[in-house]
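First up is the structure itself, then whatever we jot down about it.
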Amino acid sequence: MTGVPASAAGGPSAAKGGPAGAVPGAASGVAPSAPADTVSDTAAEAPVSAVPATAVEARAGVVPGVGVVTGTASDDGADSDGKPARGKKIAAAAVNQASVWNIANLLTMLRLVLVPGFVALMLADGGHDPAWRSFAWAAFAIAMITDLFDGHLARAYDLVTDFGKIADPIADKAIMGAALICLSGLGDLPWWVTIVILGRELGITLLRFLVIRYGVIPASRGGKLKTLSQGIAVGMYILALTGWLATARFWVMAVAVVLTVVTGLDYVRQAIVLRRQGIAERRAALEETEA
């Protein structure tokens, strides 16, 4: 039987009892040099598992001889550290800008346009003509109905925009304020009712802005009932009602005023609690950071 040279069987280490197939210099971490003409043959004969050039590894950021490369972009447009890619941010901004002209915002704009028309109808022919008051009631009713629909559409179809957040409460208070002021100016509604309702609305709006740094005060069920009762009561006062309907509108307005005051006080309580919680959380975070 023909002998095999020690170098071909694994070098001197194999002849001395070392592990078969050991590469000289592997223990010291130094790779042995190979002739240039044998590099391609060695790569061709290497096991498949030793060549991480698959499509999956390429997507994962594995580079042969280098390892895993971090900071690569993934298929969802975000970096490996979770931050959205720059191009995706620009695209998202473009979508938000385009969504300003959606059905919810158009309904809000319609309510703003209805305000001057409503005032003109209320004051037409001295402000006490039943026909003109009926037209004014129709404009007011359209404004109230669109108020219900635009908020629902914005939440249901993800049409919430910065413009809508600002314009929607302005439109609500504009049409309600115009109706209350016209009714009090015509002598149909006591001024103290108008002052209480408008004072509450403006005060709560200001309060929301003051505590926005600590969180958002959510709309309560009582607040929704208040809005509904105000709309019904003011609508009944806009119409030239007589008899028992005129008496009924007085009691509906009384309920609206009570709900206005009660819900206003509840919003003040929520704002105080929200501010205290926000201050406590900031102090805890600061102490944890200093520790």
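Specify which residue in the list 267, 254, 277 is farthest towards the positive end of the charge dipole of the stretch 230-288, using unit charges on the beta carbon of Lys, Arg (+1) and Asp, Glu (-1), about the Cα centre.
Selected residue: 254.
So what J values fall out for the stretch 104-112 if you push phi through Karplus, 6.51 cos²θ - 1.76 cosθ + 1.60 with θ = phi - 60°, rounded to Hz, Gly and Pro as x?
Result, rounded to whole Hz: 5, 5, 5, 5, 5, 5, 4, 5, 5.
If you average the C-alpha positions of the stretch 222-244 and of the stretch 140-156 separately, how far apart do those two centres end up, in angstrom?
So the separation of the two Cα centres works out to 17 Å.
For residue 240, what is the net charge nearby, where nearby means another residue's Cβ is under 15 Å from its Cβ and Lys, Arg count +1, Asp, Glu -1?
Details: positive: 133, 249; negative: 125, 129, 188.
The answer is -1.
Please report the carbon-and-sulfur percent of the accessible area for the stretch 163-291; probe 1.4 Å, protein heavy atoms only, DNA, RNA and ligands left out.
Numbers: 5310 of 7670 Å².
The computed percentage sits at 69.
Taking square-rooted eigenvalues a ≥ b ≥ c of the alpha carbon gyration tensor, is the stretch 137-208 rounded, prolate or oblate, where a/c under 1.5 means rounded and, failing that, a/b exceeding b/c means prolate?
On the way: a/c = 3.47, a/b = 1.65, b/c = 2.10.
Oblate shape, in that a/c is at least 1.5 and b/c is the bigger or equal ratio.
How high is the FRET efficiency from residue 148 to residue 291, r the C-beta distance, R0 41 Å, rounded to 0.05? Spell out each step's value before the answer.
Working: r = 50 Å, r/R0 = 1.23.
So, using R0 = 41 Å, E works out to roughly 0.25.
About the Cα centre of the stretch 140-223, what is the dipole size in debye to 20, counting +1 per Lys and Arg Cβ and -1 per Asp and Glu Cβ, all else neutral? All intermediate terms of the calculation are to be shown ahead of the outcome.
Values: 7 positive and 8 negative charges, 69 e Å.
So the magnitude is around 340 debye.
Rounded to the nearest 10 Å², what accessible area does residue 145 have for a 1.4 Å probe in the complete protein model?
Near enough 90 Å² of accessible area.
Please compute the per residue accessible area over the stretch 204-291 with all protein chains in place, 1.4 Å probe, rounded to a whole number of Å². Kindly include the intermediate steps, with their values, before the conclusion.
On the way: 5850 Å² over 88 residues.
Heavy-atom accessible area per residue stands at 67 Å².
Find how much the distance from residue 141 to residue 248 grows on full extension, using 0.36 nm per residue of separation minus their present alpha carbon separation; answer in nm with one decimal.
Values: separation 107, 0.36 × 107 = 38.52 nm, distance 1.87 nm.
Difference between extended and current length: 36.6 nm.
I'd like the FRET efficiency for residue 210 and residue 188, computed as 1/(1 + (r/R0)^6) with the beta carbon distance as r and R0 of 30 Å, rounded to 0.05. Please list the in-between numbers first.
Values: r = 34 Å, r/R0 = 1.15.
E(calc), rounded to 0.05, equals 0.30.
Where Lys and Arg each count +1 and Asp and Glu each count -1, what net charge lies around residue 219 among other residues with Cβ under 11 Å from its Cβ? Don't jump to the answer; show the numbers that get you there.
On the way: positive: 208, 221, 224, 226; negative: none.
In short, +4.
Give me the net charge of residue 274's neighbourhood, meaning all other residues with Cβ under 12 Å from the Cβ of residue 274; Lys, Arg count +1, Asp, Glu -1.
On the way: positive: 208, 213, 269, 275, 276; negative: 281.
Its environment carries a net charge of +4.
Could you sort 165, 226 by accessible area so the largest value comes first, with the probe set to 1.4 Å?
Details: 165 130, 226 15 Å².
Listed by decreasing accessible area, they come as 165, 226.
The values are calculated or read from the model by the stated rules, or taken from the named source; none is laboratory data. These numbers come from a predicted model, not from an experiment. We place every Cβ from the backbone using ideal geometry, glycine too, and count neighbours over all the protein chains shown. What goes into the accessible areas is simple: the full protein's heavy atoms, side chains included, and nothing from ligands, DNA or RNA. Shrake-Rupley method; radii C 1.70, N 1.55, O 1.52, S 1.80 Å.
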